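J.: Just dropping this structure here.
Coordinate-derived values only; no laboratory data. Bear in mind that the values here come from a model prediction, so they are computed numbers and not experimental data. Counting neighbours? That spans all protein chains shown, and the Cβs are built from the backbone with ideal geometry, glycine included.
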Amino acid sequence: MTPTKLTALVIGASRGIGRQIAVDLAKNGYSVVVAAKTTSNAATTDPFPPNPNSPASTINTVEREIRESGGNATAIPVDVRDPSQIENLVKETVRIYGRLDVLVYNSGAIWWSSVEKTPTKRFQLMQRINPEGLYASVQAALPVFEKNGWKGRVIVVSPPIYSRFFRGKTAYAMGKVGMSVLTKGLAMDFVRQGREDMAITSIWPAASIESAATEMTFSNNDRMKKDLRKPTIFSDAIISMLKAPAETVNGLLETDEDFLRKYCGVTDFSRYSLVPGTTPRRIMPAEFPVLEVVEQDDEGTRIDSTKLRKSKL
């Protein structure tokens with residue numbers, strides 16, 4: 001493998017959307033580290049490749065799939081609830097491939113129910129895997145991007161922020177919206193610090209996508225399958241985000257469909273329909289609230305806790 005080849009780390013790459021992202025990044029010339037908790041012996045997996053939305057699909061089968069297609073890939077297990085494992089994952093990525101150019105955080109825990117029916121332990125699990133796992137991954141990757149001369153991209157699977165998203169799944173939304181807040185806040189840091197070649201972008205499906213998550217709900221319902229899209233719409237949007245100038249995508253909270261329409265000129269999405277000839281129902285609003293306020297740049301006296309702590313030492 002060539003040392004100048006771009007390298008992407010995809011966390012949450014064992015099945016569904018994450019697998020598709022890893023496979024398509026490899027097809028676009030990236031060396032890919034596929035990371036998740038579940039592993040297997042890919043050499044004995046039969047049939048191969050396995051159903052990409054089943055438990056038989058793991059980071060090891062994804063690595064084998066990419067390698068057998070002529071790409072570069074390495075599977076590294078990680079439990080994102082453990083920051084030390086994430087730090088080791090990033091270090092191993094750099095050790096193996098000599099660099100890190102793209103971080104994709106796709107790991108996620110899901111529990112959609114009311115607050116009353118969401119146990120505290122389930123809430124805590126979602127926080128640890130969703131916003132805390134992302135935060136630890138970004139923390140581990142930033143020093144590497146700094147060594148790259150502050151050149152790199154971060155892609156976060158989290159939604160645009162709007163009120164309807166909270167309904168019926170508040171505990172889940174708290175974590176996912178927190179991830180979007182990180183996208184907005186870190187993007188502002190990049191701008192303030194003059195890091196023009198850095199960008200962090202959030203992406204979310206505009207319509208439901210065939211994945212491990214939807215497999216359980218949609219698998220035996222042909223009518224509901226008509227509302228599913230192929231995961232390639234998601235990976236196509238991500239690859240287009242990575243090709244776009246950093247200033248164009250930094251801080252965006254965008255859906256796959258909307259990004260492809262606004263920034264890539266795509267008007268026909270029929271090739272992404274899981275069932276040919278159907279038009280999947282859009283699950284996201286057509287327009288989202290603008291989060292900026294008139295006083296956006298009026299911060300008053302900015303407080304930096306690191307400086308305050310140093311002054312007290």
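J.: Please name whichever of PHE165, LEU291, ILE239 sits farthest to the positive end of the charge dipole of region 165-313, dipole taken about the Cα centre and charges placed at Cβ: Lys and Arg +1, Asp and Glu -1.
T.: PHE165
J.: Could you rank the peptides 90-96, 266-272 by their average count of other C-beta atoms within 10 Å per residue, with the highest value first?
T.: Working: 90-96: 17.1, 266-272: 12.7.
Put in order of decreasing packing, that is 90-96, 266-272.
J.: For region 7-312, with only Lys/Arg (+1) and Asp/Glu (-1) charged at the beta-carbon, what is the dipole magnitude about the Cα centre, in debye rounded to 20?
T.: Details: 40 positive and 34 negative charges, 124 e Å.
It comes to approximately 600 debye.
J.: If you don't mind, there's one more thing I want to ask. If I model a spin label at LEU308 and THR278 as a point 7 Å from the Cα along the Cα→Cβ vector, what separation in nanometres do I get?
T.: 5.4 nm
J.: On a full-extension model of 0.36 nm per residue, what is the gain between SER163 and CYS264, subtracting their alpha-carbon distance, rounded to one decimal in nm?
T.: Numbers: separation 101, 0.36 × 101 = 36.36 nm, distance 2.79 nm.
Contour length minus Cα-Cα distance gives 33.6 nm.
J.: Okay, moving on. So for each of 227-238, 295-306, 107-118, 156-167 I average, over its residues, the number of other beta carbons within 10 Å; can you give me the resulting order with the highest mean first? Could you put the intermediate results ahead of the total?
T.: Numbers: 227-238: 23.3, 295-306: 7.2, 107-118: 14.4, 156-167: 17.6.
Sorting 227-238, 295-306, 107-118, 156-167 by mean packing, highest first, produces 227-238, 156-167, 107-118, 295-306.
J.: Take the alpha carbon atoms of region 129-172, find their center, do the same for region 174-209, and report the distance between the two centers in whole angstrom.
T.: Region 129-172 and region 174-209 have Cα centres spaced 6 Å from each other.
J.: I'd like to compare 22-30, 76-84: which one has the highest average count of other Cβ atoms within 10 Å, and what's the full order after that? If you can, show how the numbers build up before the last one.
T.: Details: 22-30: 21.6, 76-84: 17.6.
Put in order of decreasing packing, that is 22-30, 76-84.
J.: When Lys and Arg each count +1 and Asp and Glu each count -1, what net charge do the other residues less than 13 Å away from GLN296, Cβ to Cβ, add up to?
T.: -3
J.: Within the set of other residues whose C-beta is less than 11 Å from the C-beta of PRO276, count the net charge using Lys and Arg as +1 and Asp and Glu as -1.
T.: Details: positive: LYS226, LYS230, ARG271; negative: none.
Taking every other residue near PRO276 into account, the sum is +3.
J.: Something else: Out of the DSSP beta bridges found with both residues in the chain, what percent are antiparallel (nearest 5)? List each step's numbers first, then the result.
T.: Working: 2 of 31 bridges.
The answer is about 5 percent antiparallel.
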